[in-house]
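Notes to accompany the following structure.
Every read-out reported here was derived from the displayed coordinates using simple, explicitly stated rules and does not represent laboratory data. It should be emphasised that the depicted structure is a prediction, and the values quoted were computed from it without experimental measurement. Note that we place each Cβ from the backbone using ideal geometry, even for glycine, and neighbour counts take in every protein chain shown.
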Amino acid sequence: MENVFKYFEFSDFFKDESGSFSGNEICFTDLNETHFLIFEKEDSIYNLYVSKFSNKKEVGQKAPEILELVVQNYDKSKPEHRIALRQYLG
């Protein structure tokens, strides 16, 4: 998974303080100024979300305006999971 995070320039993982991810660690990458892809790390499982915030500084600090689960239990070896990620990041 580390290669996925580096390739798509996700942030380092940090603890969610917003309560939207149950205090789990998250990392994110920008889609534009207000939309972000977020990986939630839940033990050894990664869930991928698309989200909307007013700005980047709110990610992990405030609840998102929009939060949609894209892939539950992301597995980089599954083509459909890679396609879902590339659908947003190209």
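A few points about this structure:
- Cβ-to-Cβ counts within 10 Å put ILE38, ILE45 in ascending order as ILE45, ILE38, the fewest first.
- Taking amide H positions as modeled 1.01 Å from N, with prolines and chain starts lacking one, the residues under 5 Å from GLU25 and 5 or more places away or on another chain are ASP16, LYS41.
- Mean ellipticity per residue at 222 nm, deg cm²/dmol - from DSSP H runs of n ≥ 4 across the chain, formula -39500 (n - 2.57): -5000 deg cm²/dmol
- Taking a ≥ b ≥ c as the square roots of the eigenvalues of the Cα gyration tensor, the range 8-90 is oblate, since a/c reaches 1.5 or more and a/b is not larger than b/c.
- The number of Lys pairs in the chain with C-alpha atoms less than 14 Å apart, excluding pairs fewer than 8 positions apart on the same chain, is 5.
- Counting neighbouring beta carbons within 10 Å and listing from fewest to most, the residues LYS6, LYS56 come out as LYS6, LYS56.
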